[in-house]
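To start, the structure under review is shown below, and the notes come after it.
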Amino acid sequence: MTRSVLVTGARAPVALDLARAFMAAGHSVTLADSVTPFAARWSVAGRGRVLRVPPARHAFRAYREALHAWVADHPQALVVPTCEEVFYVAEAAAQCGFADRVLAPPPTVLRRLHSKIAFAHWARSLGIPAPETTPVASREEVLALASRPRQGLVLKPEFSRFGTATLLQPAPRELQAVDAKPGSRWAAQAYVAGEEICLWACARDGVIVASAAYRPAWRLGRSASFAFEALDCPGALEIAQALAADARISGQLSFDIILRPNGEAVPIECNPRAVSGLHLFDGAGHLARAMLGDGPATHVTRGLTYLGPAMLLLGAVQGLRHGRMLAWARDLRRGKDALAAAGMYAPAGALLDAARFAWVGLSRRRSATRQSTDDIEWNGETIR
């Protein structure tokens, strides 16, 4: 049966992979966003047009009505969130009665997954070896952390993204700058040594139907990566399965995981949305069929994918700076450009998208990364 699928968060490159996958499975796809995403518009999925919706964070009621109207106009429609607008999509669906048409958990479950504190406590209650995590809600509690060994501490906002605010083994002067309060808590987490990997997974009725574990092969500092190498990590998949089964989740789950030297997988946080592991599926129809429950489960365990413009520019700079030019050339040759696969003009569109977020962010004294989520991010506040 052909369905109408609305993929929100079209600014994200992974939205193009999701759109291509649903198109390959025979469904009609519409991409949507509250900004003009050039890569999406110039992709084979966008076909020159992206549905413009109000900004979810700043105009929720208008956003809710726009989603409700689209769903009402498309029988058998499915909404597939991509970025942090998932929280607003789920809330809109709960308020307007179309939660069964959204591939995402309900708001209460999303909150538990997104909170660095609640997620760790939930995982540990299921026997998953998440690090011990303590809420910090005052300046006095922050300063008390100074008595703990630096080597054993990680401090991050309860609701945050991209690791940009994370303090790894913070010095006393860094603790002085932390503004923790009851309405803006931080998570004090035990440091876990090992290799950092990521996992993207999708669940249907509590069962994981698709997954891709991967290493950030090339990345910008400790933040977002732009090259992704798949690996086989059963321990990571077991973490996703345990959480999905406990809450009978239908939707996307993504994890930052530390692999200890003994091979134990330790989840340090969860993002209930799409992440770059989706690129490893290359927009294949069997991914969409698995996500819809129309086909067998699918798991990627090998392959290398990258974002072409970033790999060419940032990767070359890093290769020169760190003496990794041979590795860069090898990965460029053996990997696949996810943006080029989305359409011949998509890479140029991605450069324009990055430039737009950088320019607007500069004018507002924000980083490009921070600007890219300004109108969709959710930090635990009540959605009205």
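The values are calculated or read from the model by the stated rules, or taken from the named source; none is laboratory data. This structure is a prediction, so every number in the text was calculated from the model and none was measured. So basically every Cβ, Gly included, is an ideal-geometry build from the backbone, and we count neighbours across all protein chains shown.
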Residue match in region 327-338 (condition: small (Gly, Ala, Ser) and more than 19 Å from Ala230 (Cβ to Cβ)): yes
Candidate set from region 36-53 (those that are surrounded by fewer than 20 Cβ atoms within 10 Å (Cβ to Cβ) and aliphatic (A, V, I, L, M)); member that is modelled with the highest pLDDT: Leu51
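Any residue at all in region 179-189 that's among the small types (Gly, Ala, Ser), at positive phi and not assigned by TED's automatic domain parsing to the domain that holds Gly251?
no
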Scan of region 54-69 for residues that are in contact with a Phe, Trp or Tyr (Cβ under 9 Å, 6 or more places away or on another chain) and either crowded, with 21+ Cβ neighbours inside 10 Å or charged (D, E, K, R) (or both), ordered by number: Ala56, Arg57, Tyr63, Arg64, Leu67
Filtered residues of region 219-270 (kept if under 21 Å from Ala327 (Cα atoms) and acidic (Asp, Glu)): Glu229
Region 261-298, subset out of contact with any helix residue (DSSP H, G or I) (no Cβ under 9 Å at 6 or more places or on another chain) and modelled with pLDDT under 95, residue farthest from Lys336 (Cα to Cα): Asn262
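Please count how many residues of region 144-159 are in a loop (DSSP other than H, G, I, E, B) and out of contact with any helix residue (DSSP H, G or I) (no Cβ under 7 Å at 6 or more places or on another chain). Outline the logic, then answer.
First pass over region 144-159, keeping only residues in a loop (DSSP other than H, G, I, E, B): 148-149, 158-159.
Checking the rest, the ones that are also out of contact with any helix residue (DSSP H, G or I) (no Cβ under 7 Å at 6 or more places or on another chain) come to 148-149.
Adding up the residues that qualify gives 2.
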Considering residues of region 360-384 that are surrounded by fewer than 16 Cβ atoms within 10 Å (Cβ to Cβ) and among the aliphatic types (A, V, I, L, M) only, the residue nearest to Ala93 (Cα to Cα): Val360
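Being touching a strand residue (DSSP E or B) at 6+ places or on another chain (Cβ under 9 Å) and within 24 Å of Ala203 (Cα to Cα): is that true of Ala130 here? I'd like the intermediate steps shown before the answer.
On the way: touching a strand residue (DSSP E or B) at 6+ places or on another chain (Cβ under 9 Å): yes; within 24 Å of Ala203 (Cα to Cα): yes.
When the stated conditions are applied, Ala130 passes them.
Being β-branched (Val, Ile, Thr) and crowded, with 20+ Cβ neighbours inside 10 Å is the filter here; which residues of region 297-344 pass it? Break it down into steps so the answer makes sense when it comes.
Step one: of region 297-344, the residues β-branched (Val, Ile, Thr) are 298, 300-301, 305, 317.
Those that are β-branched (Val, Ile, Thr) and crowded, with 20+ Cβ neighbours inside 10 Å: Val300, Thr305.
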Residue check, Leu326 modelled with pLDDT of 95 or more, farther than 25 Å from Asn271 by Cβ and not assigned by TED's automatic domain parsing to the domain that holds Ser160: yes
Residues satisfying the stated conditions in region 285-313, i.e. in a helix (DSSP H, G or I), within 17 Å of Glu229 (Cα to Cα) and aliphatic (A, V, I, L, M): Ala310, Met311, Leu312
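One line per residue, one yes/no per condition, for (1) farther than 21 Å from Arg219 by Cα; (2) in a strand (DSSP E or B):
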{"residue": "Gly235", "(1), (2)": "yes, no"}
{"residue": "Leu243", "(1), (2)": "yes, no"}
{"residue": "Asp246", "(1), (2)": "yes, no"}
{"residue": "Gln252", "(1), (2)": "yes, yes"}
{"residue": "Gly263", "(1), (2)": "yes, no"}
{"residue": "Ile268", "(1), (2)": "no, yes"}
{"residue": "Arg273", "(1), (2)": "no, no"}
{"residue": "Leu280", "(1), (2)": "no, no"}
Residues satisfying the stated conditions in region 322-344, i.e. aliphatic (A, V, I, L, M) and either in contact with a strand residue (DSSP E or B) (Cβ under 7 Å, 6 or more places away or on another chain) or touching a residue at least 24 places away in the same chain (Cβ under 8 Å) (or both): Leu332, Ala338, Leu339, Ala340, Ala341, Ala342
